[in-house]
Amino acid sequence: MLRWILLIIVIGALASNTGADGLRGPWDAPPVTDSKTVSPSQRSYGSQLGISLVRLYQRTASRVDTDRSKSYPVSSLYAIQALDQHGWWRGIFLTADRLIREVDSTSNPRRIYEDGRQYLYDPLERNVWWDTD
């Protein structure tokens with residue numbers, strides 16, 4: 001299992017650094033729009049791969065698995081937002097950070113209620129500390 005995860009990370013890393021014009025760095029990434037979403041044609045290959053993998057998880061394993069997420073938005077939606085807005089590397093970092101923190105309610109996040117359930121409100125914008133805009 002660990003080999004598959006490492007293989008996916010390596011393929012994503014390679015895909016995020018190559019484009020039709022050869023190698024490109026993070027400084028060549030398309031600018032993020034004001035709405036903080038990137039159109040599918042402007043996404044890096046790595047973030048497209050990551051979003052596709054999360055959507056595959058949502059369509060297959062998530063339907064079989066019970067609804068256990070205590071956070072709002074749920075972690076798979078959070079991962080899609082992170083990959084869409086921040087690219088492969090930062091998106092993976094934010095998603096891993098979220099998955100580690102999901103069971104930790106000691107930071108006393110805001111609680112919201114939806115459909116009779118209590119959720120811990122943890123939006124992506126609250127966890128992006130490197131953007132000062």
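Side notes on the structure shown:
- Cβ crowding within 10 Å, taken as a proxy for footprinting-reagent exposure, orders Tyr57, Tyr119, Tyr113 from fewest neighbours to most as Tyr113, Tyr57, Tyr119.
- The range 44-133: C-alpha gyration tensor shape, a/c 1.5 cut-off, then a/b vs b/c: oblate
Where a number appears in this text, it was derived from the coordinates with a stated rule and is not lab data. On a predicted model such as this, the values are computed, not experimentally measured, just so you know. Glycine gets a Cβ as well: all are built from the backbone with ideal geometry, and neighbour counts include every protein chain shown.
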